[in-house]
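All remarks here apply to the structure that follows.
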Amino acid sequence: MPTKTPVKKTKKTAKKPVKKLVKKITQSDIEANFDRMQKSQDEAWAAIKETQQAHKETEKTLNKAMGDLSNTLGSMVEHILTLNLPQKFRKLGYSFTRIASYKYAEGVWAQIDGMLENGTQACAVEVKTTLKQMDIDDHIARMEKIRKYADEHGDTRQFMGAMAATITDLSTKNYALKKGLFVIEPSGEDVKVTKPETEPRVW
């Protein structure tokens with residue numbers, strides 16, 4: 001039987017450590033990196049400012065468009081709610097001959113959407129899309145200003161107030177009526193005028 005030849009065991013060759021080459025950072029490299037960072041930051045701020053400016057321009061344009069739309073809708077509401085009011089009030093016993101809009105000045109500022117008038121009486125109509133209690137209180141304060149202006153200018157007519165709105169809830173409507181104001185609101189394809197249960201308040 002043949003004998004096996006012994007195999008010599010050899011030691012594994014140890015790997016020599018590889019020296020990593022570390023690049024020496026110079027002052028020039030630091031300055032170059034700083035310049036790149038500064039440039040990136042400047043570009044970022046420029047982009048932010050440009051975005052902010054674009055947003056402001058968009059907001060300005062949108063606000064103008066909304067304002068124009070609001071004015072247009074307001075004019076439409078005023079026209080619809082004040083159309084044929086002299087005839088409506090005539091059915092309630094008031095002979096107003098015309099309706100006009102006014103802006104009182106000279107220290108007593110008040111703008112009136114519609115003023116029903118005759119020689120002895122007048123009714124100031126405030127028009128809103130949605131009637132709120134705050135609007136009623138504001139109109140009562142406005143009536144005080146109108147009375148003050150009239151007294152200062154020798155106008156002895158009796159002044160009454162009315163609230164007109166396309167949307168009015170029952171609670172707010174009753175509040176206006178209790179304050180002595182007329183309430184004008186849509187009714188089908190027409191408008192109706194509701195008179196206070198007691199006599200309308202006179203200024």
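How much length would be gained if the chain were fully extended between residue 98 and residue 169, taking 0.36 nm per residue of separation minus their Cα-Cα distance, in nm to one decimal? Walk me through the intermediate numbers first.
On the way: separation 71, 0.36 × 71 = 25.56 nm, distance 2.90 nm.
Gain in length upon complete extension: 22.7 nm.
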(request) Please turn the phi angles of the range 182-198 into ³J(HN,Hα) values with the Karplus equation 6.51 cos²θ - 1.76 cosθ + 1.60 (θ = phi - 60°), one per residue in order, whole Hz, x for glycine and proline. (result) 6, 10, 10, 8, x, 8, x, 9, 10, 10, 10, 10, 9, 8, x, 4, 8
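For the range 84-194, what's the relative contact order in percent, using C-alpha pairs closer than 8 Å and at least 6 residues apart? Display every interim value, and only then the final one.
On the way: 184 pairs, mean separation 23.9, N = 111.
The normalised contact order for the range 84-194 reaches 22 percent.
Can you give the charge dipole size of the range 84-194 about its Cα centre, rounded to the nearest 20 debye, using +1 on the beta carbon of Lys and Arg and -1 on the beta carbon of Asp and Glu?
On the way: 16 positive and 15 negative charges, 58 e Å.
My answer is approximately 280 debye.
Give the peptides 148-160, 122-134, 168-180 in descending order of average Cβ contacts within 10 Å, highest first.
Details: 148-160: 13.8, 122-134: 19.2, 168-180: 16.3.
The peptides rank, most packed first, as 122-134, 168-180, 148-160.
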(request) Would you calculate the separation in nanometres between label points at residue 40 and residue 192, each defined as 7 Å from the Cα along the Cα-to-beta-carbon direction? (result) 7.2
(message) Whole percent per 10 Å bin, from 0 to the bin with the longest distance: what is P(r) over all C-alpha pairs of the range 84-194?
(response) 14, 48, 32, 5, 0
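Every number here is computed from the coordinates shown, using simple stated rules; none is lab data. Please read all numbers here as calculations on a predicted model, not as lab measurements. Cβ coordinates were reconstructed from backbone atoms using ideal geometry, including for glycine residues, and neighbour counts include every protein chain displayed.
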